[in-house]
Amino acid sequence: MDKILRGFEHFQSDVFPHERDLFAHLAHHHEPRAMMITCADARVDPSHILQTRPGEVFMLRNAGNMVPAYTTAMGAEAATIEYAMSVLELKHIIVCGHTDCGAMRAVLKPELAGELPAVRNWLRHASCARRIVQDRFGHEEEEIRLRRLVEENVMEQMVNLHTHPSVASRLLAGAVSLYGWVYEIGTGHVFAYDAGRNEFRPLQPGMPAQMLPRMRTAGNAAFAD
Ligand SMILES: [Zn+2]
């Protein structure tokens, strides 16, 4: 704890004075550029990875970067997403998973959460990803299955975003874009979902937002009439 308190002391005495103007502006303006939904894992530090400054990224964090479907849980995630869409009118939502994710490892091996009823209950939001990985990659070794699960989970949460009315409406209007990323802790690389190739590939500046094929199908059916 001493290190954390010394860090605050450093912020107050050495950092804040140099950014006084920024904080004076932020005191009355909340205009982030994008929303990021990512894991609570301490090794995932979005402002560090993206080199953003305070005020630029609206964050939603929880174990496993989950987006509970709107109909099953109207909790903190639903409220935060609704605010991001309807009040902040954000145009970009990034769902970002990461390698070596403890939540995803527990999805893969439920016995790890045996004595953690709240965690076990929470991880059900990755049920589709778990089933897909089980059926398609069940024969692979654990680390490969974990990587596939991290990726499938990002896609599952992107699908779940479509169940939130504020997101669905803005998607239909072309007012918001979705991005699916996986942050590789050991290398600092970010892999982005590319719907054209149906795979995650290294993030490049200018990569377009992605619409998952299965979402497109669901969307067409839902919006047909
Ligand atoms: Zn994680």
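The values are calculated or read from the model by the stated rules, or taken from the named source; none is laboratory data. Predicted model only: the values in this text are computed from it and were never measured. Using ideal geometry, Cβ is built from the backbone for each residue, glycine included, and neighbour counts are taken over all protein chains shown. Heavy atoms of the whole protein, side chains included, go into the accessibility calculation; ligands, DNA and RNA do not. Shrake-Rupley method; radii C 1.70, N 1.55, O 1.52, S 1.80 Å.
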> Of all residues in region 128-167, which are surrounded by fewer than 19 Cβ atoms within 10 Å (Cβ to Cβ) and not in a helix (DSSP H, G or I)?
Replying inline: GLY138, HIS139, GLU140, GLU141, THR163
>> Filter region 92-127 down to the residues that are under 27 Å from ILE49 (Cβ atoms), open to solvent by 70 Å² or more (accessible area, probe 1.4 Å) and away from the ligand (no atom under 16 Å from the Cβ) and list them by number.
In response: none
> Out of (1) away from the ligand (no atom under 16 Å from the Cβ); (2) touching a residue at least 40 places away in the same chain (Cβ under 8 Å); (3) of a type in the set (S, T, N, Q); (4) closer than 17 Å to ILE94 by Cα, the odd one out for GLN51 is which?
Replying inline: (2)
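Quick one: is GLN51 on the phi > 0 side of the Ramachandran plot and loosely packed, with under 11 Cβ neighbours inside 10 Å?
Working: on the phi > 0 side of the Ramachandran plot: yes; loosely packed, with under 11 Cβ neighbours inside 10 Å: yes.
So GLN51 fits the description; yes.
In region 170-210, how many are of a type outside the set (A, V, I, L, M, F, W, C), part of a loop (DSSP other than H, G, I, E, B), modelled with pLDDT of 90 or more and open to solvent by 60 Å² or more (accessible area, probe 1.4 Å)?
Residues in region 170-210 being of a type outside the set (A, V, I, L, M, F, W, C), part of a loop (DSSP other than H, G, I, E, B), modelled with pLDDT of 90 or more and open to solvent by 60 Å² or more (accessible area, probe 1.4 Å): 3 in total.
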>> Take the conditions crowded, with 20+ Cβ neighbours inside 10 Å, in the same structural domain as GLY186 (by TED's automatic domain parsing), in contact (Cβ under 8 Å) with a residue 60 or more places away in the chain and within 30 Å of GLN204 (Cα to Cα) and apply them to MET66. Does it pass?
In response: yes
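In the list LEU60, LEU112, which residue meets the criterion of being assigned to a strand (DSSP E or B) and free of Cβ contacts under 8 Å to residues at least 60 places away in the same chain? Steps first, please.
Values: LEU112 fails: assigned to a strand (DSSP E or B).
The unique qualifying residue is LEU60.
Do the conditions hold for VAL167, that is, is it modelled with pLDDT of 95 or more and within 16 Å of the ligand (Cβ to nearest atom)? It would help to see each step written out before you state the result.
Values: modelled with pLDDT of 95 or more: yes; within 16 Å of the ligand (Cβ to nearest atom): no.
So VAL167 fails the test.
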>> Residue pairs, Cβ under 9 Å, 6 or more apart or interchain, first in region 169-180 and assigned by TED's automatic domain parsing to the domain that holds HIS92, second assigned to a loop (DSSP other than H, G, I, E, B) and of a type in the set (Gly, Ala, Ser). List them.
In response: SER169/ALA175; VAL176/ALA209; SER177/ALA209; LEU178/ALA209; TYR179/ALA209
>> Condition (residue is under 21 Å from ASP41 (Cβ atoms), assigned by TED's automatic domain parsing to the domain that holds PRO202 and of a type in the set (Gly, Ala, Ser)) applied to region 152-168: is it met by at least one residue?
In response: no
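Each row is one residue, and each column tells you yes or no for (1) farther than 26 Å from THR187 by Cα; (2) free of Cβ contacts under 8 Å to residues at least 60 places away in the same chain.
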site	(1), (2)
ASP2	yes, yes
THR38	no, no
GLU77	yes, yes
GLU82	yes, no
VAL95	no, no
